[in-house]
Structure formats: structure tokens, C-alpha cells
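The values are calculated or read from the model by the stated rules, or taken from the named source; none is laboratory data. Computed from a predicted model, the values in this text were never measured in an experiment. Please note: Cβ atoms are built from the backbone with ideal geometry, for glycine as well, and neighbour counts cover all protein chains shown. With ligands, DNA and RNA removed, areas are computed over all heavy atoms of the protein, side chains included. Shrake-Rupley method; radii C 1.70, N 1.55, O 1.52, S 1.80 Å.
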Amino acid sequence: LCLGVAILLGNTAIADEISPDFKIADDGTRITVNPQAGNGTTNRAPGSLTTLFASNNGYAGNTFDIVPTVDLEITALDVNCDFVGNTAEIHVWYKAGTGVGHESNPLSWTLLGIGTGTIAGIDNPTNIDLTGNGVVFQAGQTYGIYVDLFNYASGIARLGYTNGGPNTYSNSDLSLTTYYGKATPAFVGSTFTYRAWNGTVYYET
């Protein structure tokens, strides 16, 4: 048995292995290194793009970039949250241009919407409704997206993500590149490189 701790160096957290099956996550919790992926099911109707639902780390937020090939509006997200049955309050921010380098600057971002959902459990999709926000993401433009679990500090919810990246996922309408994990509070909390967002973007063209 190999014992270890998460050592904080500035804004960097090093998760040391404490057994072959467990690690310390970015938020200091003990998690399974190779968790069961769950079914990762989601409504894969036209107008959605899924990354993955196979977390091995987690904290309070994620950033990623999107590049639409058609004008579109984001109507909902599926997120990967722990603590099944509780409520996740998700704040979604966006900016024109890449989010890389702006993770800690709230002045760079605009609030897209706030939504809540009943947590379906780790590695399963928790749906967050964002309809009616009125923001059109224009074809050919890059946008940064910041997904923040606002009520993480309450201790009733945690956002799951996956170590590694950047990873790019795409379909005929949209490309998504994963970047960073974030601690709490939004923008002020530490940034973790690289952490792949687990989820689905739902949109209308």
C-alpha cells in the first residue's frame, strides 16, 4: 500500500496515488482511479455533442472552447456530478475568442445562463436547462465556455472530469476542445491542467 497526500504548490495540485485503486482528487477527496464508466447515456438526437462520462477526478468547474460551423444557440447541458439525488446549480459563462489564459479573469466572461438539475450520479448525465438565453454563437468563431458548479462549497455536489487533454470532439455542427479544471469560487479558485469536461452540449441551429 502506497500512501500519499495531495500537495498544493501555488495553484497546482499534485494527486499522489494512495493505492492501486484510489487517488486524491483536485478537491482533496478520495476517488477511484478507474471508476466504472456508467452507461453514459444521453439523448443523442440531432443538435447535441457529447464528450465522455468517465471521470477520474473532479472539483467545481471546467473550461473548454467551442467552434460552431453553423450559427447556434446552446439550450441545455448534461454535466457529470456526484452525490446522486441532490441538486446541482450550474452557472455557464462564455467569451468571444478562446478561454485559454482567461480562466482567472471574471472580466473576460459573460453569463450565459443559470440552471439546476437533480444529480443522476457520477458518470451519468445530469441535465441542466439553459433555454431562452438568446445568445447566438456564430459559425466559424471560437468561444470559451466555463461551466461552474456554483453550489460545490455546500458539500452536496461535485463536478466530475477526466485527467488529460486537450481533447477535441466534433460533429457536423460543432467542435469542442477540452482544457482546464477549476476550483471554487469561480475564477478565483485554482486552475488544473489538463482536465477534460464530461458532458453533452445541446443546441439549436
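Numbers at a glance
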read-out	value
Count of segment 75-94 residues which are over 15 Å from the mean Cα position of the chain (by Cα) and either farther than 21 Å from Ala186 by Cα or not β-branched (Val, Ile, Thr) (or both)	5
Hey, Val70 touching a residue at least 12 places away in the same chain (Cβ under 8 Å) and either of a type in the set (Phe, Trp, Tyr) or open to solvent by 20 Å² or more (accessible area, probe 1.4 Å) (or both) or not	yes
Index of the failed condition, Gly164 passing every other in (1) surrounded by 21 or more Cβ atoms within 10 Å (Cβ to Cβ); (2) of a type outside the set (Val, Ile, Thr); (3) more than 23 Å from Asp71 (Cα to Cα)	(1)
Which listed residue is surrounded by 18 or more Cβ atoms within 10 Å (Cβ to Cβ), modelled with pLDDT of 95 or more and in a loop (DSSP other than H, G, I, E, B), from Gly99, Gly113, Gly144	Gly99
Subset tally (residues that are in a strand (DSSP E or B) and open to solvent by less than 10 Å² (accessible area, probe 1.4 Å)) for segment 178-191	3
Boolean, Asp123 is of a type outside the set (A, V, I, L, M), under 17 Å from Gly61 (Cα atoms), out of contact with any helix residue (DSSP H, G or I) (no Cβ under 6 Å at 6 or more places or on another chain) and in contact (Cβ under 8 Å) with a residue 60 or more places away in the chain	yes
Of the criteria (1) over 13 Å from the mean Cα position of the chain (by Cα); (2) open to solvent by less than 20 Å² (accessible area, probe 1.4 Å); (3) among the small types (Gly, Ala, Ser), which one Ser175 fails	(2)
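Okay, residues lined up against (1) among the acidic types (Asp, Glu); (2) at pLDDT below 95; (3) in contact with an Asp or Glu (Cβ under 8 Å, 6 or more places away or on another chain); (4) surrounded by fewer than 12 Cβ atoms within 10 Å (Cβ to Cβ):
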| residue | (1), (2), (3), (4) |
| --- | --- |
| Ile18 | no, yes, no, no |
| Gln36 | no, yes, yes, yes |
| Gly47 | no, yes, yes, no |
| Ala54 | no, no, yes, no |
| Asp65 | yes, no, no, no |
| Ala76 | no, no, yes, no |
| Cys81 | no, no, no, no |
